[in-house]
1. When a/c reaches 1.5 or more, the comparison of a/b and b/c decides; with that in mind, is region A:357-408 rounded, prolate or oblate per its Cα gyration tensor?
2. Return the FRET efficiency for the residue pair A:ALA172, B:ALA72: r is the Cβ-Cβ distance, R0 is 41 Å, and the value is rounded to the nearest 0.05.
3. So between A:GLU87 and A:GLU502, what do we pick up on full extension, going 0.36 nm a residue minus the alpha carbon distance?
4. Scan chain A and hand back the longest stretch that contains none of the trypsin sites (Lys or Arg not before Pro) lying in DSSP loops with at most 14 other Cβ atoms within 10 Å.
5. If you rank A:ILE284, A:ILE314, A:ILE374 by fewest surrounding Cβ atoms within 10 Å, what's the result?
6. How far, in nm, would the chain grow between A:LEU483 and A:ASP153 when pulled straight, counting 0.36 nm per residue and subtracting the alpha carbon separation?
7. For the pair A:SER416 and A:ASN399, how long in nm is the line joining their label points, each one 7 Å along Cα→Cβ?
8. Between A:GLN622 and A:ALA216, what length in nm is gained on full extension when 0.36 nm per residue of separation is reduced by their alpha carbon distance?
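Values in this text are rule-based calculations from the coordinates and carry no lab data. Note that the structure is a prediction, hence the values are computed from the model and not measured. Glycine also receives a Cβ, built like all others from the backbone with ideal geometry; neighbour counts cover every protein chain displayed.
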Amino acid sequence: MPTCHESPPFAVPAAPPVPGQVRTVALIGPPNSGKSTLFNRLTKLRQKVGNYPGVTVEQHTGQLTGFDHPITLVDLPGVYGLEAFSEDERVSLDVLNGKMPGLPRPDAVLLVLDVTNLSRQLSLAASVIAVGLPTMVLLNMSDLFIKRGGKLDPLKLAVELGAPVALISATAGMGMDAIDRFLRGDANQAPPTLRVLLNHPPQSRQWAAQVRTRSAYQPALPSVWSRHLDDILLHKIWGPIIFLVVVAGVFQTVFGIGKPLSDAFQNLLNDGATWAATIIPAGIFSSLLIDGLWKGLSSVLVFLPQILLLFLFIGILEDSGYLARAALISDRTLRGVGLNGKAFIPLLSAYACAVPAIMATRTIENKRERLATILIAPFMTCSARLPVYTLMIAAFIPNVPVLGPLLGARAAVMLSLYVLGFLAAFATAKLLSSSALKATNIPFVLELPEYRLPTLQSLALRLLDRGTVFLKQVGTVILAVSLVIWVLTSLPLHNGKTPPLEQSIIASLGHFIEPAIKPLGFNWKVGIGLLTSVVAREVMVGTLGTIYGTDPNTHSLPLQAALRQDLSLPGAMALLVFFAFAMQCTSTLAVVRRETNSWKWPAIQFAYMSGLAYVAALVVNQVLGLWW
Amino acid sequence: MSLLPHHDCVALTDLKPGMAGIVQRLDLPAQVQQMLLRFGFTEGAEVRFSRRAPLGDPWLFSVDGTDVALRAETAQHILILPGAELLGQTAGPAHDATGE
């Protein structure tokens, strides 16, 4: 067993270390090197997620404890090199050079490499060490490496690289003491310098070969387990079948298990409101709290279980390594509309939310295909549309079978809406590929990681992350909109009392825009909903909840029954189609603005999607109106 | 390492599954070469063709112990010197040794 528990060796001992100088440490490594697992292990739950200023590269920082003073660990995005090809690489290089605003230059660097693929990661090591910060090289997954017959002398590698080297395993927690010792001691020393000719493949390769030989590197045998799984999952016939079963299974579970979960959660929230009504004296305050805020918030909150479930599945697929196979299988199909297999991952995430999906397009190196993916992602049926769909379907579509017991009318309508969004996305992609966007020659290259068992910790952190984002949205945007709507429905006061809804400010506002939306079959209340849902789609439900909740005619009715009284069936269907196409999400527009670095694309996207939504809703209402 | 005349080379897409070879030349723009280098596709590297994706394309190659997918349109510009002995070295015994 190599020397993972010994003090790491140092190439050039400089002046004696002055402890206490290390305050900021950067963590860097290629994708799939287990960097996130190590970050989670080192920081436990003391971490913060944000964005680097001006770009959408997520910035994860965490605190290391057990030292005399707090040490901040900055998790850099996974990169293969530091040549600034991608935004991720530019950000990493800027952080290491101390050029990232708001972040001090790191005092030391922890470089994580997957020792089972060491050869081609040596060039990243050369680039990182050449930056000139005290660097420790962590060879991760060394337990697997040794088990599969890999060999390496870490002391000799340390001499070659001019930096301390430790064999670790982030999943097993092996070698963590070496990191601790590095941060206490040698991270405080001036680092030795390493000069390798980068940007010059032959020399770089020669250097890497020399390092491999001198450090007695013997590669591990490839994982037989992964290969056997690929024999099945990438099989000519079984592969695509399993792919379709997995995708269908995800949706079936999210809606099959998610729906009862959401219903149970809704009952809990309703009970809360009923209980609150018994202890808060009736009056303006109770009206604000229960009719205004609680109805607005809870109508959105109920979707938390379904959203978490969808992200759980995406997390399992991604962590297990299957998502990369899915991208490989779908490449052939996506190529037909001018995209590539890497668009599969963002497009699948877009079923949960377009914002992380658009951020996930950063893995697509081809600029044209990346822009096309960004532009079509918001057409995929995101979870924010679910509240609107579920509400309207439950209110207007009877629960009758369509295809025997297999498919009910409600499920059929829901499915059609998903298909509608999908078709709109693909038609738009095709349109973009044949006209607007110029082709570039960056090829499709996809690394297939070995299959791994997803860890509970990583899945839990993902859910915590997404859940927090959702609750933040509910607690800020939706709370504020519900408050504004309630105030507008409660003014002007008549003899110190709230006015009838028809005489409120919001009614005049609604009636003002009504002529524009009447041909679509919408009334003024829906119009207010459309206005507020420009902020975020799910706000629509909260707004309707507040408006109908304060209307004395519908106050005691559930929202579904109130809508049934107030809208025609063609109007309701038109509303569904409107939501399938319209770009009602300021967060998405903001992300598109940042990712494309211009207002041009979000503006085009907004105009295109809203125009399409208006025309489609108009057609649906007018055509269905011929029969109903 | 001596690079042999190009007429002895074949494209990666000419290989049969399980066959391996040493990369001799990449007939691709410099930027693309630089990108492929990061995944191990560089002159002198040993590449083994593992399989094709279920729908026929992309192709999967084993480089440096990792599977990397390339479309045929890219792989056909990577020229290699195929070696039967490499098949024995990398594919055969490796599988046998770890299979048990």
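1. prolate
2. 0.55
3. Working: separation 415, 0.36 × 415 = 149.40 nm, distance 5.24 nm.
That pair, A:GLU87 and A:GLU502, stretches by 144.2 nm at full extension.
4. On the way: sites that count: A:ARG23, A:LYS44, A:ARG46, A:LYS99, A:ARG195, A:LYS236, A:LYS438.
That gives A:237-437 as the longest site-free run.
5. With the fewest neighbours first, A:ILE284, A:ILE314, A:ILE374 line up as A:ILE284, A:ILE314, A:ILE374.
6. Numbers: separation 330, 0.36 × 330 = 118.80 nm, distance 6.49 nm.
Working it through step by step, the gained length comes to 112.3 nm.
7. Rounded to a tenth, the inter-label distance reads 2.1 nm.
8. Net length gain for the segment: 138.6 nm.
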